[in-house]
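Here the structure comes first, spelled out in C-alpha cells, and everything after it is commentary.
Computed from the coordinates by the stated procedures, all read-outs in this text should not be read as laboratory data. Predicted, not measured: the structure shown is a model, and the values here were computed from it. Note that we place each Cβ from the backbone using ideal geometry, even for glycine, and neighbour counts take in every protein chain shown.
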Amino acid sequence: MTGLTANVNVRKQARFDQKENRVYNGAMYTRIKRVYVDSSVISGMFDSNDHPIKAQPFWDAVNRGEIRVVLSDVLVNELERAPDTVRSFYRQIPESQIERIVSTPGSNTLAGRYIKAGVLTLNHLTDCKHVALASLASVDVLVSWNTKHIVKEPRTRRFNDVSIGFGCNEIKILTPNNIIQRGE
C-alpha cells in the first residue's frame, strides 16, 4: 500500500470480543457492522452540499466502535489524487475500526462481469471494483454517495444479481445517512 496507509495499532479495548465481532455498549453486546466505504463517503465530508451533515452520524458510529469500515486498495489509490483535507480525514479514521482488503484476480473478474452484464460501462470500472470488493468481502453494507452509478435502484439489484451468480451473498448498498436512519 502507499504512504496513505496508517500504522496498524493493536486493539486494546477490553470490552471488545473479536472472536464474536461484538462490542459491549454498557448494557449489552451488540454486533459490529462491517461496512465497505468508497471514496465518495470520505471526500463527501468536504462537499459544499449537505453530505457532511448527513454523514457525520455514520462517522460518529465508527468512532464509537459500532461500525468497522472496510477500506480497499482501490479507495487508497483514489485518495492519492484527493485534496490534503480529504487525505487528512482518511488518516484520522481510528485504525482499530478499519479492516483493509486488496483487489484480487477474483474481484477484477467480478468487476468485469458487472460491465459485461451492462450494469455499468467500462468508464465506471472503479465503481464496479468497489462493488466487487464489497461483495467478495461479504460486508453487511456498502456505503456511497454515488447515487448515479452505485446507490440507485434498479442498479443495486443488478449488481447483486451478478454477484449472486458469482457465488457471493447479496449486500445492501446505501448512502451513509440511510445506514444510520434505517439501523442497517
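Summary table below
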read-out	value
Neighbourhood charge, 11 Å Cβ-Cβ cut-off, centred on ALA111 and excluding it, Lys, Arg +1 and Asp, Glu -1	+2
Within-13-Å neighbourhood charge of VAL76 [Cβ basis; K, R +1; D, E -1]	+1
Segment 41-67 and segment 94-145: distance between their alpha carbon centers, rounded to Å	20 Å
Set of segment 123-167 residues, backbone N closer than 11 Å to the point 7 Å along the Cα-Cβ line of ALA117	132, 155-167
Cα-derived Rg to Rh of segment 32-181, Kirkwood definition	0.94
